[in-house]
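The values are calculated or read from the model by the stated rules, or taken from the named source; none is laboratory data. Nothing here was measured: the structure is a model prediction, and the numbers come from that model. We place every Cβ from the backbone using ideal geometry, glycine too, and count neighbours over all the protein chains shown. These area figures cover heavy atoms from the full protein model, side chains too; ligands, DNA and RNA do not enter into them. Shrake-Rupley method; radii C 1.70, N 1.55, O 1.52, S 1.80 Å.
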Amino acid sequence: MNVSQDTVVTFHYTVRDEEGVELDSSRGREPLSYLHGANNIIPGLESALEGRGEGESLTVTIPPEEAYGEYLDALVEAVPRAAFGDHEVEVGMRFEAQTNRGPISVVVTNVEGDLVTVDGNHPLAGKSLTFEVTIEKVRPATAEELAHGHAHGEGGHDH
Ligand code: ZN
């Protein structure tokens, strides 16, 4: 069976950045399962897998706009140290920030005097990502999976 709308795809992947540095890999652990056509994975990878079959391997480079989006300077903000109350604030710490678009995860990128710089971009924003994928299994989605909008079972959700 080939990957198409409403199939559940189980695959192994390794993802690298532009410099070839491995960012993440499923190899050596459970493969990932997702519901195809339901925006469960980044758009560029979903379209690269369309029509592929079980056992197929592919390598695809996905530009930022088809992955985790462009890096947006607007998501970088300097906030007063006082906004963190009694919290210890160090570069690299992550916080949930309330914004007018809902809560987002931000990382502290600089602390200087009374000003703390936070960055709300996804850690992979602005990056082209190269995926090496091996498709382990393709099967039709169950009615329950379609209702939930995600895959269940091996490598998928457990509810
Ligand atoms: Zn579910």
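Go through Thr134, Thr117, Thr109 for me and flag whichever is more than 30 Å from Gly85 (Cα to Cα), more than 16 Å from the ligand (Cβ to nearest atom) and either outside any loop (DSSP other than H, G, I, E, B) or assigned by TED's automatic domain parsing to the domain that holds Ser33 (or both).
Numbers: Thr117 fails: more than 30 Å from Gly85 (Cα to Cα); Thr109 fails: more than 30 Å from Gly85 (Cα to Cα).
The conditions single out Thr134.
Would it be correct to say that Thr10 is under 17 Å from Arg139 (Cα atoms), polar (S, T, N, Q) and part of a strand (DSSP E or B)?
It is true that Thr10 is under 17 Å from Arg139 (Cα atoms), polar (S, T, N, Q) and part of a strand (DSSP E or B).
Looking only at the range 19-45, count every residue that is over 13 Å from the mean Cα position of the chain (by Cα), touching a residue at least 24 places away in the same chain (Cβ under 8 Å) and open to solvent by 60 Å² or more (accessible area, probe 1.4 Å) and tell me the total.
The total comes to 1.
For residues in the range 119-159 being aliphatic (A, V, I, L, M) and more than 20 Å from the chain's Cα centre (by Cα), which is farthest from Ala67 (Cα to Cα)?
It comes out as Ala143.
Only one of (1) of a type in the set (Asp, Glu); (2) within 16 Å of the ligand (Cβ to nearest atom); (3) in contact with a Phe, Trp or Tyr (Cβ under 9 Å, 6 or more places away or on another chain) is not met by Asp158, so which one is it?
Unmet condition: (3).
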